[in-house]
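Trainee: Got a structure here, written out as C-alpha cells. Questions coming.
Bear in mind that the values in this text are calculations on the coordinates, not laboratory data. Computed from a prediction, not measured in an experiment: that's the story for all the values here. Here the Cβ is made from the backbone with ideal geometry for all residues, glycine too, and neighbour counts use every protein chain on show.
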C-alpha cells in the first residue's frame with residue numbers, strides 16, 4: 001500500500017483512547033528492550049495504519065538520538081504526530097502507567113526467586129524470542145531502503161562494527177552518522 005493510500009485511510013483523527021490502548025498493548029506484549037519496537041511497528045504501521053513504514057523508520061531514527069529509552073520517544077513522537085501534545089500524553093500514559101506497575105511487581109517477584117533454575121530458563125527463552133523479533137523488525141526497517149546501496153552499506157557496516165568489532169552504539173553512531181549525512185547529501189545533489 002502506498003504512503004498516499006495509507007494517509008487517506010487515516011483521514012479520521014485517531015482517538016486518544018486508541019492511542020492509549022495501542023501503546024498499552026505495546027507495553028504489555030513487548031517483553032524486553034527490542035520487542036517493544038516490534039509491537040509498535042506492528043500496531044502503528046501494519047494493523048492500525050496510523051503511520052507509514054517510512055514515517056516509522058524516520059521516527060525510530062530520530063529516537064535513537066533522543067535521551068532515554070527509544071520506545072518511550074517513539075510513543076511520544078507517534079502520539080504527537082497523530083494528535084499533538086495530548087496524543088503524546090495518551091500514548092505515553094498507555095505505555096507507562098499500568099504496565100510499569102505490573103512490571104515492577106513482577107520484577108520484585110523474580111528477584112525473590114532468582115535462584116530457581118526454571119526461572120532462569122524461562123527468562124533465557126524470552127530473551128531469545130525477543131532477539132529474533134528484533135532482527136525481523138530490523139530487516140523490515142531496512143526493506144524500504146533496499147534500492148539504496150549506501151543505506152545497505154551503512155546498515156551492514158553498523159552491524160559489523162557493533163557485532164564483530166564490539167564497538168559501543170554511541171561510537172558507531174558518532175562515526176557513521178556524519179558520513180551517512182554527507183553521502184545522502186551528495187546523492188540528493190546528484191538527483192537535482
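Trainee: Simple spin-label model, 7 Å along Cα-to-Cβ: residue 106 to residue 147 in nm?
Mentor: Result for the modelled spin labels: 4.2 nm.
Trainee: Most mobile of 79, 36, 125 per a Gaussian network model of the chain (Cα springs, under 10 Å)?
Mentor: Greatest mean-square fluctuation among the candidates belongs to 125.
Trainee: Over the chain, calculate the relative contact order: mean separation of alpha carbon pairs under 8 Å at least 6 apart, over the residue count, as a percent.
Mentor: 22 percent
Trainee: Further question on the same structure: Please find, in a Gaussian network model of the chain (springs between Cα atoms separated by less than 10 Å), the residue of 19, 102, 143 whose mean-square fluctuation is greatest.
Mentor: Per the Cα network of the chain with a 10 Å cutoff, 102 tops the list.
Trainee: For the peptides 167-177, 49-59, 130-140, what is the packing order when you average, over each peptide's residues, the other Cβ atoms within 10 Å and list the highest mean first?
Mentor: In descending order of packing, they fall as 49-59, 130-140, 167-177.
Trainee: Counting other beta carbons within 10 Å of each residue's own, what order do 152, 141 fall into, fewest first?
Mentor: Working: 152 13, 141 17.
If I rank by nearby Cβ atoms, fewest first, I get 152, 141.
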